[in-house]
Amino acid sequence: MRMEPEPLTFFTPDGDRVTWQVEVEPDLDPFERRLTLVVQGTKIVQRRVPRAEGRDREHLYELLENEARMGSRLLARLGRAYPVELPRLMGYSLDVEEPFVLLSDHRGEPVTRFSGALLIAEQRALQESLFRAVRILSACDIVHRRIDPGTVRWDGSAVQVTGLAHATLIGSRRLRLGEAPYAAPDQRAGTGRASTADDLWSAGMVIYRTITGREVADRPDLTAAPALQPIHDVFSGRPPSVLEVLDRLRVPDPMQSIPVDQDLRLEEGRAAFDRAREAKRGNEDEEPPPVTLDERETQDKPQKWWARWLPLAVLLAFVVVVWMVIR
């Protein structure tokens, strides 16, 4: 069934306000829609916060803002020669009733579709591409923090790492986020500072799960998997750098092929976005770590009924005692 075109107004990463005519594909996911641009026929993904969801879970707005901020940062750092391993920010509109970000279309399928079914050459290509993605993120000072089977896609030759809503900057205070086995132990504990080692652990676990088809509770045993020897120490207490892992895989540093000259308009657009975000938040710290879903839901849990009424009960008891004394 063909949908009627509708106008979509938003800001581009350069900071320009534009309106595109789009067709919306029917989808059951309230947080994500696939759109087709009427003129070019190009497909893009709209990640959004529906009104009903945002009313009950306000932290979703912060996660969406963070996805736009990280996408803008990647564009400014990587320029127009954008790597296939990461989705590209197309635009955003965050001050509307149902805010959204626009991203380049998904590529490939979730890696869960290929669990235990990759050929030897594909196993190698998966490792090379996923660690390329981690290296590119680290070169932009970004820690993804949510690399797992739900955010990694595979098209037979390269990965696409999606979902930057929980990403933070290298050196930010770690917040408790994620679950075993995909989140690194220090990240689960919320100790220390966020680092690329967090993403290395997660990427290694995705690779182990996809190649072997086996689930583990914590650190996997790689001795019986020759294809995984290049990542044998990723799960150790002293993990290698991502460049060391790429060197073992005989993959050159992807940043060597990405132009160093930055796009000034994208830099200006990112600066404008950051200024608007700071003004909206009342001038908080310059690079605040995003509030995570796990921690915010913990904070938002309602108090027990007796905790809410306890102060009033104490006051009433005090009044009764005083009355009995003076009567």
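Are any residues in segment 213-238 among the aliphatic types (A, V, I, L, M) and surrounded by fewer than 16 Cβ atoms within 10 Å (Cβ to Cβ), and if so, which ones?
Within segment 213-238, VAL216, ALA217, ALA224 qualify.
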| request: Give me the pairs, please: first residue somewhere in segment 11-29 and in contact (Cβ under 8 Å) with a residue 12 or more places away in the chain and part of a loop (DSSP other than H, G, I, E, B), second residue anywhere and open to solvent by less than 40 Å² (accessible area, probe 1.4 Å) and among the hydroxyl-bearing types (Ser, Thr, Tyr), beta-carbon distance under 6 Å, and either six or more positions apart or on two chains. | output: PRO13/SER72
| field | In segment 1-23, the residues that are among the β-branched types (Val, Ile, Thr) and in contact with a Pro (Cβ under 9 Å, 6 or more places away or on another chain) | value | THR19, VAL22
| said: Can you go through ARG135, ARG113, ARG153 and tell me which one is under 20 Å from ARG248 (Cβ atoms) and at pLDDT 95 or above? | reply: ARG135
| query | Quick one: which of GLY171, GLY150 is part of a loop (DSSP other than H, G, I, E, B), within 24 Å of LEU86 (Cβ to Cβ) and touching a Lys or Arg at 6+ places or on another chain (Cβ under 8 Å)? | reply | GLY171
| Pairs with Cβ under 6 Å, 6+ apart, first in segment 43-56 and in contact (Cβ under 8 Å) with a residue 40 or more places away in the chain and over 10 Å from PRO30 (Cα atoms), second outside any loop (DSSP other than H, G, I, E, B) and polar (S, T, N, Q) | LYS43/THR36
| query | Can you find a residue in segment 31-50 that is open to solvent by 50 Å² or more (accessible area, probe 1.4 Å), part of a helix (DSSP H, G or I) and among the charged types (D, E, K, R)? | reply | no
| task | Working only within segment 1-30, note down all residues that are in contact with a helix residue (DSSP H, G or I) (Cβ under 7 Å, 6 or more places away or on another chain) and farther than 19 Å from LEU89 by Cα. | result | PRO30
| field | Flag for GLU85 being surrounded by fewer than 18 Cβ atoms within 10 Å (Cβ to Cβ) and either within 21 Å of the chain's Cα centre (by Cα) or touching a residue at least 60 places away in the same chain (Cβ under 8 Å) (or both) | value | no
| request: Would you please name the residue that is nearest to GLU109 (Cα to Cα), looking only at residues in segment 159-177 that are open to solvent by less than 30 Å² (accessible area, probe 1.4 Å) and in contact with a Ser or Thr (Cβ under 8 Å, 6 or more places away or on another chain)? | output: VAL159
| said: Out of everything in segment 239-253 that is of a type outside the set (Lys, Arg) and in a loop (DSSP other than H, G, I, E, B), what residue ends up being surrounded by the fewest Cβ atoms within 10 Å (Cβ to Cβ)? | reply: PRO252
| field | Options GLU97, GLU122; residue that is open to solvent by 50 Å² or more (accessible area, probe 1.4 Å) and closer than 22 Å to ILE147 by Cα | value | GLU122
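The values are calculated or read from the model by the stated rules, or taken from the named source; none is laboratory data. Fair warning: this is a prediction, and the values are worked out from it, not measured in the lab. A quick note on method: Cβ atoms are made from the backbone with ideal geometry, for glycine too, and the neighbour counts reach across all protein chains shown. Only protein heavy atoms, including side chains, enter the accessible area calculation; ligands, DNA and RNA are left aside. Shrake-Rupley method; radii C 1.70, N 1.55, O 1.52, S 1.80 Å.
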